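A.B. asks: Take a look at the following structure, please.
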Amino acid sequence: AMLEPDRGLSLTIARVVQRLQGSSLHSQLERQARVSLHKPEIKLESLKEDIKDFLKTSGWEKKLQNAVYSELNVFPSPCHPAAPPEHIKEPLAYMRKAQGSWEKRILKSLNSMCTELNIPLAQKRPVNEQKELLNKWNEMGTDEPDLSLFRPVYAPKDFLEVLMNLRNPNYENGEQPSFRNHLGLIQVPLKVKDIPELKEDFSELGLNIGQLGIDDSAQVPPEFFENEHVRVGQKVLAEQDSAAAQQYVRQGCPTALRADLWALILNISNQPEDILYYEQLKSNVIQHDLLVDSLIYKDVKLTASNDDYYFVFEDYLYQVLLCFSRDTSVLEHFTYSSATPPKSYIQGKLGMEEYAVFYPPNGVIPFHGFSMYVAPLCFLYHEPSKLYQIFREMYVRFFFRLHSISSHPSGIVSLCLLFETLLQTHLPQLFYHLREIGAQPLRISFKWMVRAFSGYLATDQLLLLWDRILGYNSLEILAVLAAAVFAFRAVNLMEVTSLAAAEAVLADLSTLKVMPLLQIFLFATVT
């Protein structure tokens with residue numbers, strides 16, 4: 001049930017205040033206010049107003065605004081006060097149930113690997129190993145441990161099988177009137193947007209609006225737009241306003257400003273305490289050996305190390321992902337994620353809650369391709385603790401939605417359905433043709449969406465795409481791009497007669513230009 005606006009607003013304010021009270025920003029503001037008491041311009045008779053003015057002119061008010069804005073972007077709007085907490089995680093019971101049984105499967109796979117390999121989930125490293133790891137922290141990639149026995153806990157295609165079997169129990173035999181003619185693999189009735197709604201949402205991508213990533217716009221000479229856009233971008237950075245930055249990047253980020261603009265949108269400032277926190281995570285990695293470390297290692301070796309763009313960042317990836325697995329602050333995102341962190345019990349205490357620990361400590365079990373969420377960020381951030389914080393924030397805002405079962409519009413189930421609906425509606429001949437030959441389009445595009453296209457597009461193009469994810473605070477653009485890629489290669493796809501042949505047509509996306517594809521699909525498709 002939605003609330004009347006005022007009630008909803010006061011709940012939101014209460015929640016934001018509560019969240020900020022424990023933050024380091026809160027203690028910094030208090031400290032600043034105390035310092036300001038000694039300033040001559042602050043008078044006792046107008047104390048409150050003078051302190052407010054001081055916080056405004058000294059830039060602290062902006063920091064507070066950005067923190068509030070960040071909270072509003074991440075946390076869902078509050079449900080009814082009486083709604084149980086699991087509704088904030090996921091309102092639909094059948095989705096919660098499906099996510100729960102998927103988690104059991106993942107855990108079973110992890111535990112059976114432990115048993116087979118006779119390796120504990122976690123153990124303290126012997127002192128000599130600790131020293132060794134510390135010494136080669138910046139070149140972990142040179143190590144070649146034998147990981148042949150380790151296998152990814154799951155791969156995207158295993159996850160797709162689960163999503164294909166999702167059903168809403170309230171509709172027996174798919175008797176939903178509006179939904180009966182959906183012929184894709186996803187068989188759950190969620191509301192997804194049509195092209196007119198997407199056009200409205202993504203209006204800044206319109207044909208007559210300047211864009212970075214479009215070389216030959218008829219309207220504006222690109223170099224003229226680019227110079228002007230850079231000037232505005234510098235102004236946005238000088239203002240240090242997260243909301244303005246978010247609006248700005250919808251038209252793309254100039255390469256030189258991207259790292260700073262993304263950090264501003266994500267409200268990451270890399271303070272001394274953040275650097276210290278990162279160092280603590282690192283020392284945790286040095287001291288304890290987790291089974292997931294081998295999974296992370298193997299994943300980097302299987303994916304990024306073989307990638308023409310990303311292999312140079314191999315060491316960064318180990319550092320970030322190993323620290324991430326130890327980071328208990330990541331557990332917070334489970335309040336608004338349909339997922340639940342897996343528990344493990346101290347040996348001999350199975351089922352006794354007081355001996356339960358989250359495993360891994362951040363609650364996230366990596367899957368095949370997980371390291372590709374970090375790889376593109378290595379182009380922008382070269383300081384490990386900053387890179388780490390940016391990735392963690394991208395994960396808890398966006399990426400977790402790509403591997404959990406939910407009804408959220410940016411969740412992977414909705415993205416799959418949006419993709420299939422766009423194709424079935426706007427390219428019906430292609431859709432039916434591929435379906436007839438056993439090449440359901442989603443079987444091909446699923447891996448692109450789960451990875452947010454990382455490792456499929458050229459990096460400059462990927463960053464232009466991620467600009468828009470941040471700008472719109474939404475992952476829906478992934479489904480739109482996936483459909484646009486099919487539209488772009490439609491002529492060749494109409495000629496194939498098998499799934500393998502269709503996959504071959506779409507095997508290499510590295511020459512694609514993201515912005516023209518999105519523009520043509522959204523704004524030049526006849527609706």
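A.B. asks: What is the range 220-305 by shape, rounded, prolate or oblate, if you read a ≥ b ≥ c off the alpha carbon gyration tensor as root eigenvalues and call it rounded for a/c under 1.5, prolate for a/b larger than b/c, and oblate otherwise? Intermediate results must be reported in sequence, preceding the final value.
C.D. replies: Working: a/c = 4.22, a/b = 1.95, b/c = 2.17.
Oblate is the answer for the range 220-305, as a/c is 1.5 or above yet b/c matches or exceeds a/b.
A.B. asks: Using only the alpha carbons of the chain, what is the convex hull's orientation-averaged projected area in square nanometres?
C.D. replies: Values: hull surface 117.4 nm².
Mean orientational projected area (the chain, Cα hull): 29.3 nm².
A.B. asks: Let me ask another. Using modelled backbone amide H atoms (1.01 Å from N, in-plane), which distant-in-sequence or interchain residues come within less than 5 Å of LYS343's amide H?
C.D. replies: Under 5 Å from the amide H of LYS343 lie the amide H atoms of TYR359, each far enough along the sequence or on another chain.
A.B. asks: Let me ask you something else. Would you compute, from DSSP H runs of 4+ residues alone, the mean residue ellipticity of the chain at 222 nm, taking -39500 (n - 2.57) per run and dividing by the full residue count, rounded to the nearest 500? Let's see the in-between values first.
C.D. replies: Working: 24 runs with 281 residues, N = 527.
The helix-only estimate for the chain comes to -16500 deg cm²/dmol at 222 nm.
A.B. asks: Work out how much length ILE119 to LYS157 would gain on full extension: take 0.36 nm times their residue separation and subtract the Cα-Cα distance, in nm to one decimal. Could the numbers behind the result be given before it?
C.D. replies: Numbers: separation 38, 0.36 × 38 = 13.68 nm, distance 2.68 nm.
Taking 0.36 nm per residue and subtracting the Cα distance, the gain is 11.0 nm.
A.B. asks: Return the inverse of the average 1/r over all pairs of distinct C-alpha atoms in the range 464-527, which is the Kirkwood hydrodynamic radius, in Å to one decimal.
C.D. replies: Values: mean 1/r = 0.0778 Å⁻¹.
Result for the range 464-527 stands at 12.8 Å.
A.B. asks: If you average 1/r over every pair of different alpha-carbon atoms in the range 10-78 and take one over that average, what Kirkwood value in Å do you get? Numbers along the way, then the final one.
C.D. replies: Values: mean 1/r = 0.0758 Å⁻¹.
It is 13.2 Å.
A.B. asks: Taking 1 over the mean of 1/r across every pair of different Cα atoms in the range 370-454, what Kirkwood radius in Å do you get? Kindly include the intermediate steps, with their values, before the conclusion.
C.D. replies: Values: mean 1/r = 0.0686 Å⁻¹.
It is 14.6 Å.
A.B. asks: Using a simple spin-label model with points 7 Å from Cα along the Cα→Cβ vector, what separation in nm is obtained for ALA356 and ASN135?
C.D. replies: In this crude label model, ALA356 to ASN135 measures out at 4.2 nm.
A.B. asks: Turning to a different aspect of this structure: Tally up the carbon and sulfur contribution to the accessible surface of the range 32-157 as a whole percent, 1.4 Å probe, everything protein left in place. Intermediate values should be presented prior to the final figure.
C.D. replies: Values: 4750 of 8190 Å².
Answer for the range 32-157: carbon and sulfur cover 58 percent of the accessible area.
A.B. asks: On to the next question. Arranged from highest to lowest average of other beta-carbon atoms within 10 Å per residue, in what order do the peptides 31-40, 437-446 appear? Show your work: numbers first, answer last.
C.D. replies: On the way: 31-40: 11.5, 437-446: 19.8.
For the peptides 31-40, 437-446, the packing ranking is 437-446, 31-40.
A.B. asks: How long are the three semi-axes of the equivalent ellipsoid for the range 297-380, computed from the Cα gyration tensor as the root of 5 times each eigenvalue, in whole Å, largest first? Could you put the intermediate results ahead of the total?
C.D. replies: Working: eigenvalues 179, 38, 21 Å².
Its equivalent ellipsoid spans semi-axes of 30, 14, 10 Å.
A.B. asks: Calculate, for ASP215 and ALA490, the FRET efficiency according to 1/(1 + (r/R0)^6) with r their C-beta to C-beta distance and R0 35 Å; round to the nearest 0.05. Numbers along the way, then the final one.
C.D. replies: Details: r = 23 Å, r/R0 = 0.65.
Result of the calculation: an efficiency of 0.95.
A.B. asks: Now for a separate question. Keeping all protein chains in place, calculate the accessible area per residue for the chain (probe 1.4 angstrom), answer in Å². All intermediate terms of the calculation are to be shown ahead of the outcome.
C.D. replies: Numbers: 24910 Å² over 527 residues.
So the chain comes to 47 Å² accessible per residue, rounded to a whole number.
A.B. asks: Something else: For ASP289, list long-range residues whose amide hydrogen, built 1.01 Å from N in the peptide plane, is under 5 Å from its own amide hydrogen.
C.D. replies: Placed amide hydrogens put GLN123, LYS124, ARG125 under 5 Å from ASP289.
A.B. asks: May I ask you to evaluate 6.51 cos²θ - 1.76 cosθ + 1.60, the Karplus curve with θ = phi - 60°, for each residue of the range 392-404 and list the ³J(HN,Hα) values in order in whole Hz, giving x for glycine and proline?
C.D. replies: My calculation for the range 392-404 gives 4, 5, 4, 5, 6, 8, 10, 5, 4, 5, 7, 9, 10 Hz in order.
A.B. asks: Shifting gears a bit: Between ASP143 and GLU30, what is the label-point separation in nm under the 7 Å Cα-to-beta-carbon projection?
C.D. replies: The answer from the label model is 4.1 nm.
A.B. asks: Each residue of the range 33-41 in order: what ³J(HN,Hα) in whole Hz does its phi give by Karplus 6.51 cos²θ - 1.76 cosθ + 1.60, θ = phi - 60°, with x for Gly and Pro?
C.D. replies: Per-residue couplings from phi come out as 4, 5, 4, 5, 4, 8, 7, x, 6 Hz.
A.B. asks: Could I ask something else about it? Under a Cβ-only charge scheme (Lys and Arg +1, Asp and Glu -1), can you give me the dipole magnitude of the chain about the Cα centre, in debye to the nearest 20?
C.D. replies: Numbers: 50 positive and 61 negative charges, 229 e Å.
That gives a dipole near 1100 debye.
The values are calculated or read from the model by the stated rules, or taken from the named source; none is laboratory data. Values in this document were obtained by computation on a predicted structure and should not be read as measured data. In this analysis, Cβ positions are derived from the backbone assuming ideal geometry, glycine residues included, and neighbour counts consider all displayed protein chains. When the accessible area is computed, the model is the full protein with side chains, heavy atoms only, and any ligands, DNA or RNA have been set aside. Shrake-Rupley method; radii C 1.70, N 1.55, O 1.52, S 1.80 Å.
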